[in-house]
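In what follows, a single structure is set out as structure tokens and then discussed.
The values are calculated or read from the model by the stated rules, or taken from the named source; none is laboratory data. Note that this is a predicted model, so its numbers are computed, not measured. Reconstructed Cβ throughout: ideal geometry from the backbone, glycine too, with neighbour counts over all protein chains shown. Protein only, heavy atoms only, side chains kept; ligands, DNA and RNA dropped before computing areas. Shrake-Rupley method; radii C 1.70, N 1.55, O 1.52, S 1.80 Å.
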Amino acid sequence: MISPEYCRTMARYNAWQNDGLRKMVSEMPLEDLTKDRGAFFGSIFATLNHLLWGDTLWISRFDGGAGPAVPAVEHREITPTPAVWAAERFQMDARITLWAASVNAIDLVGDLTWFSDAAQREITKPKALCVMQLFNHQTHHRGQIHAMLTSLGLKPNDTDLPFMPE
């Protein structure tokens, strides 16, 4: 279904995209970041926090490390400020990149089982599908963030994989 190279490429893509967002966020007024813009999670900052929370949850299932520091109901507040978000985002991207660098083909075979707070039950799905979910979830919510940023007249970095720096 997917390969270790897919994981490495998508981890690199994730870090590249988030690097651009970190730079933009650091230059934005807090009121622009926290204003409810009608997105699924409301504001740019809440969406950034949701994405960090989700990445933390998924990578903990893959690497056995720590999961989110807050429960699912608090996902929009996983970090209190843009500066804290930027630091934690940088660390999360490094964690995902390190995991991807160590993945072997056999690591992507078989099932992953976890208890879902959202569904209130144990779920079992193919590992490869779960890894795809990690990267698809990132792209989906960054697309929402991109739309909110462009509505403010800002120009986020290009998002096309072929234009990713080597």
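Structural remarks
- For the range 82-110, a residue qualifies if it is closer than 15 Å to residue 2 by Cβ and either loosely packed, with under 12 Cβ neighbours inside 10 Å or in contact with a Ser or Thr (Cβ under 7 Å, 6 or more places away or on another chain) (or both), and the qualifying residues are 104, 105, 106, 109, 110.
- Reported count of residues in the range 95-131, each being in contact with a helix residue (DSSP H, G or I) (Cβ under 9 Å, 6 or more places away or on another chain), assigned to a helix (DSSP H, G or I), without any contact (Cβ under 8 Å) to a residue 40 or more places away in the chain and of a type outside the set (D, E, K, R), is 2.
- Selection status of residue 135, of a type outside the set (Gly, Ala, Ser) and open to solvent by 60 Å² or more (accessible area, probe 1.4 Å): no
- Filtering the range 12-38 to residues that are among the hydrophobic types (A, V, I, L, M, F, W, C) and touching an Asp or Glu at 6+ places or on another chain (Cβ under 8 Å) leaves only 15.
- Scanning the range 46-77 for residues that are open to solvent by less than 40 Å² (accessible area, probe 1.4 Å), over 13 Å from the mean Cα position of the chain (by Cα) and in contact (Cβ under 8 Å) with a residue 24 or more places away in the chain yields a count of 2.
- Residue match in the range 145-164 (condition: open to solvent by less than 60 Å² (accessible area, probe 1.4 Å), part of a helix (DSSP H, G or I), among the polar types (S, T, N, Q) and under 30 Å from residue 32 (Cβ atoms)): no
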